1. Would you pick out the residues in segment 5-51 that are in a loop (DSSP other than H, G, I, E, B), within 18 Å of residue 97 (Cα to Cα), out of contact with any helix residue (DSSP H, G or I) (no Cβ under 6 Å at 6 or more places or on another chain) and without any contact (Cβ under 8 Å) to a residue 60 or more places away in the chain?
2. Quick check on my filter: what residues within segment 1-53 are surrounded by 17 or more Cβ atoms within 10 Å (Cβ to Cβ) and on the phi > 0 side of the Ramachandran plot?
3. Just checking, which of 62, 72 is surrounded by fewer than 16 Cβ atoms within 10 Å (Cβ to Cβ), without any contact (Cβ under 8 Å) to a residue 60 or more places away in the chain, in a helix (DSSP H, G or I) and over 15 Å from the mean Cα position of the chain (by Cα)?
4. Checking the condition touching a helix residue (DSSP H, G or I) at 6+ places or on another chain (Cβ under 8 Å) and in contact (Cβ under 8 Å) with a residue 40 or more places away in the chain, which residue from 106, 78, 56 passes?
5. If I go through segment 59-75 residue by residue, how many of them are farther than 16 Å from residue 107 by Cα and touching a helix residue (DSSP H, G or I) at 6+ places or on another chain (Cβ under 8 Å)?
6. Would a scan of segment 83-103 turn up a residue that is farther than 23 Å from residue 3 by Cβ, within 11 Å of the chain's Cα centre (by Cα), at pLDDT 95 or above and surrounded by 14 or more Cβ atoms within 10 Å (Cβ to Cβ)?
């Protein structure tokens, strides 16, 4: 599905991870899909409060928690570069949809 938000539609999700051979390309693509799906869920559900947004971002963060296991199986992991890239992208998504919230709240259930 195509995103309607111009900012998120043209944004390169997980660009730092994509440009680093430490991360398997197919798993980076899976992470990009998680963020794209998050945007679709925001557009469909149109959260009105930070708490409604957090429900969506926490579900996406849980998917990243699971993705970390896949990465570890391929001698990779969600380490500093990945954590910062995911956090930056989550914050970008929140701002693109009109929310000014602390990135730590967006990914507070992370296990990486």
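1. Those that are in a loop (DSSP other than H, G, I, E, B), within 18 Å of residue 97 (Cα to Cα), out of contact with any helix residue (DSSP H, G or I) (no Cβ under 6 Å at 6 or more places or on another chain) and without any contact (Cβ under 8 Å) to a residue 60 or more places away in the chain: 12, 46, 48, 49.
2. Passing the criteria: only 14.
3. 72
4. Result of the check over 106, 78, 56: 106.
5. Residues that pass the stated criteria total 3.
6. yes
The values are calculated or read from the model by the stated rules, or taken from the named source; none is laboratory data. Predicted, not measured: the structure shown is a model, and the values here were computed from it. Glycine also receives a Cβ, built like all others from the backbone with ideal geometry; neighbour counts cover every protein chain displayed.
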